[in-house]
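Working notes, structure below.
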Amino acid sequence: MKDPYERDVAEILGVQLETSNTKTFVMKFLDEGRQSNFSFIPGQFIVISIPGVGEAMFSISSSTSNHENFSTTIRNVGRVTGMIHKYNVGDRILVGGPYGSGWPMGQLEGKDIMIVTGGIGLPSPRPVINYINEHRRDFGSLEILYGTRTPAESVFAWEQEAWRKMESTRLALCVDYVPEGVQWEHKVGVVTTLCEEMVTKPRNAVALICGPEVMMHFVVLDLLKRGFHEDQLYLSLERRMRCGIAQCGHCQLGPKFVCKDGPVFRYSEIMGLPDCGI
Amino acid sequence: MTNFIMPEEGLEHLIKTLCGSYEVFGPVRKGVECSFEKITSAKDLWLDYPTTILPPKKFFTPPRETIFTFKEDKISKIEDMIPEERQILLGVHSCDMASFTFLDRVFLGFRSDPRYLRRRNNFLIFALTCKKVSETCFCQSMGTGPEAPSGYDVLMTDIGGRYLLEASSSGGNALLGSLGFQQATVEDFEAKRGCLESLKGQFKKAVNRSGLVELAYNNQEHPVWKKYGNICVACGQCAMVCPTCFCFDVKDRMDLSLQSGERYREWDVCLLLEFAEVALGGNFRKSRDARLRQFMCHNLSYGVMQYNLMKCVGCGRCIKACPVQIDITEIARELREVSS
């Protein structure tokens, strides 16, 4: 029996600077079998572990079709992420997972998809965007609403042009504010500002929402007002996690374990649960 | 399965025989309190103990345990996490027996934790019918006592000057069979029934379980949370002594050389401020009301939704440990009787 608390060695193949404090790390398990068996659902997460420092959970940001390697996009906000940010190509780290439920890919086929996301929330639905791109005929329209605090804080900015070029796809961006001297041709305001001009009609749509809780709270309110039903909204939640397998207890949300039952939940599943700001 | 009757003097023979091939732990007096400790003689035992300070979960998921050690880049797994010798935990009350079923579902259900599994399988369990009911006991109302729920290898009941020993596993059966005690009679079982009946009349605390899962789940804004959240000092003792509280933190520790260290896990409790903290100062349970509600609702409601089993087993340890007299049975009552 494999110990679920054991981690596997992965080598860093590439480091992409996304913003001043966010990097995408492309990795590959050293063990070939582990790498070739590593498959995941968009929205699932992994644990990255540095002995002596600790470990933390991160969404997988690479495409599900890529079996050669995988990536995760990490903002430097604390002890563990700060240490990971010091790592470079060729360095080795420990990785475990994947964990959790992902975005409901089965339910998305044939639907118009809306992705509403903020800041460092984009890496979680990014594999969905790539998947839709690779299976474009299986899905209806795709609309991505992405908000950040400033223009410089946009992750995967290098890829956004390609998303715009996808068939029947719309990408709308906004920022909370534009620093002096910075050019910005998109909207200014919080993410819900983008909802005002959204083109997706609720009738045959599903919305995937990922960002800070306060953002998700207002996005849910807004989309409900625009005719979305509670069953059409999916959210990816953040919680403190220490194990990923519903044993450490930290991620409990009422009767749910966010690591096992989530992190993606249908809004109707978590409505009214305590200690949740959505 | 065979059942035996053991005269009181036979206890020393039993313990000595068990100690011959097992490491044996049992309830030992510590001042006015009791603790499960290693024993070598019947004289070490306190068999009419009230409840132990720490529940027996400490044997299966210790307060602190190493997950792995590392030196420079090399990770070493912990292979010898349990002793070679098999172990016996003797004198487990019915509430604590019920806690094992819950813990098994946590640590062996969704994913199997090899540490827990190896420890758990290394133990034979000798359950013990309570001799008396403590002020804080309410197992009867939780359906976990005073009759011991299944899961033991042997059940011991003091039926007045002699013990009825009931085997419930092949291991327990073989052990008892080797001791040379006489087989139990119908009268002995009658005597046990009498003991249980007398226990049932002694309970001072109770929880009305009818519809409790929904009641707690649907009353997240009930005034009871504010009322008790205001006096809770968030010390977390309730969860530390709870036989079914399983939460732990995972931490790394480096040696001074910065060359080697260990990753370990350590009991953690949801009453503490840091428990639900995330990056950038986020905290999903900042208020004591919310943290107290989490502990209480997990025990009275969510546990059933997660594992199809009430988490609270009615041992009363949290009531006894609380420095400000917060009483889970009182909270359950107020949830029902005080309108929100």
Once Rh is set to the Kirkwood radius over Cα pairs, what Stokes-Einstein translational diffusion coefficient, in µm²/s, holds for chain B at a temperature of 25 °C and a viscosity of 0.890 mPa s? 114 µm²/s
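Which FRET efficiency, nearest 0.05, do B:L196 and A:Q107 yield, Cβ-Cβ r, R0 56 Å?
It comes to 0.60.
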Among all the lysines, which ones have a C-alpha under 20 Å from B:K16's C-alpha, if same-chain residues fewer than 8 places away are not counted? B:K38, B:K43
Once normalised by the length of region B:212-337, the mean sequence separation of its alpha carbon contacts under 8 Å that are 6 or more apart gives a contact order in percent of 34 percent
Using 1/(1 + (r/R0)^6) with R0 = 51 angstrom and r between the beta carbons of B:Q220 and A:E159, what's the FRET efficiency to the nearest 0.05? 0.80
Distance between Cα centroids, region A:58-95 to region B:151-195: provide it in whole Å. 59 Å
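Could you compute Rg(Cα) / (2.2 N^0.38 Å) for the protein assembly as shown, with N its residue count?
1.11
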Span from the region B:1-70 Cα centroid across to the region A:206-244 one, whole angstrom: 50 Å
Rg(Cα)/(2.2 N^0.38 Å) for region B:136-284, N = residue count: 1.59
Would you list which aspartates and glutamates come within 14 Å of B:K71, measuring only between C-alpha atoms, while excluding same-chain residues fewer than 8 positions from it? B:D252, B:D255, B:E262
Put +1 on the Cβ of each Lys and Arg and -1 on the Cβ of each Asp and Glu in region A:8-99; which of A:T81, A:V15, A:F58 then has its Cα farthest toward the positive end of the dipole? A:T81
Apply the Karplus curve 6.51 cos²θ - 1.76 cosθ + 1.60, θ = phi - 60°, to the phi angles in region A:233-249 and return the couplings in whole Hz, x for Gly and Pro. 10, 10, 10, 9, 9, 9, 8, 5, 9, 10, 9, x, 10, 6, 10, 7, x
Of all DSSP beta bridges having both residues in the protein assembly as shown, the percent classed as antiparallel (nearest 5) is 65 percent
Pairs of Cα atoms farther than 18 Å apart, region A:105-236, %: 50 percent
Dipole magnitude (debye, nearest 20) for region B:212-337, charges at Cβ of Lys, Arg, Asp, Glu: 180 debye
Subtracting the Cα-Cα distance from 0.36 nm times the residue separation, let me have the gained length for B:F189 to B:N121 in nm, one decimal. 21.5 nm
Volume of the Cα convex hull of region A:62-162, divided per residue and given in Å³: 139 Å³
What number, in percent, do you get for the relative contact order of region A:136-278 if the mean sequence gap of Cα pairs under 8 Å and at least 6 apart is divided by its residue count? 17 percent
From largest to smallest, what semi-axes in whole angstrom does region B:212-337 give when each is the square root of 5 times an eigenvalue of its alpha carbon gyration tensor? 30, 16, 14
Name the residue, out of B:D48, B:D153, B:D255, whose mean-square fluctuation peaks in a Gaussian network model built on chain B with Cα pairs under 10 Å. B:D255
Quick one: Debye curve from the alpha-carbon atoms of region A:8-99 only, equal weights, vacuum; give me log10 I(q)/I(0) at q = 0.20, 0.21, 0.25 Å⁻¹ to two decimals. -0.92, -1.02, -1.49
With the label point 7 Å along the Cα-to-beta-carbon line of A:L30 and a cut-off under 20 Å to each amide N, the hits in region A:48-82 are A:48-56, A:68-72
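Among the complete DSSP H segments of chain B, which ones combine at least 15 Å of alpha-carbon extent along their axis with a mean Kyte-Doolittle hydropathy of -0.5 or more?
B:10-21, B:94-108
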Most fluctuating residue given options A:G43, A:G52, A:G227, as computed from a GNM of chain A linking Cα atoms under 10 Å: A:G52
Count the lysine pairs in chain A that are 8 or more places apart or on different chains: how many have C-alpha atoms under 24 angstrom apart? 12
Straight-line reach from B:K204: which lysines have a Cα under 24 Å away, not including same-chain ones fewer than 8 places off? B:K131, B:K132, B:K192, B:K227, B:K311, B:K320
From fewest to most C-beta neighbours within 10 Å, the residues A:I113, A:I93, A:I48 line up as A:I93, A:I113, A:I48
Under a GNM of chain B (C-alpha, springs under 10 Å), which listed residue has the highest mean-square fluctuation: B:G31, B:G145, B:G236? B:G31
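For a quick check: sort B:F189, B:F295 by the number of other beta carbons within 10 angstrom, fewest at the front. Present the calculation step by step, with values, prior to reporting the outcome.
Working: B:F189 15, B:F295 23.
In order of increasing Cβ crowding within 10 Å: B:F189, B:F295.
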DSSP bridge orientation in chain A - percent antiparallel, rounded to nearest 5: 60 percent
Averaging sequence separations of C-alpha pairs under 8 Å and six or more residues apart, then dividing by the length of region A:8-99, give the relative contact order as a whole percent. 39 percent
Full extension between B:A206 and B:E37 adds, at 0.36 nm per residue less the Cα distance, a length in nm of 57.9 nm
Could you tell me how many degrees, from 0 to 90 and to the nearest 10, lie between the Cα long axis of helix A:213-225 and the main elongation axis, the longest principal axis, of the Cα atoms of chain A? 40 degrees
Stick to Cα atoms and the Kirkwood definition of Rh, then tell me Rg/Rh for region A:179-268. 1.08
Would you mind ranking A:V77, B:V106 by Cβ crowding within 10 Å, fewest neighbours first? A:V77, B:V106
Expressed in angstrom and ordered largest first, the alpha-carbon extents of chain A along the principal axes are 49, 47, 37
Region B:212-238 versus region A:128-200: alpha-carbon centroid distance in Å: 43 Å
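Any read-out appearing in this document is the output of simple, stated calculations on the displayed coordinates, not a laboratory observation. Model, not experiment: these values are computed from the prediction. Virtual Cβ from ideal backbone geometry, glycine too; neighbours counted across all protein chains shown.
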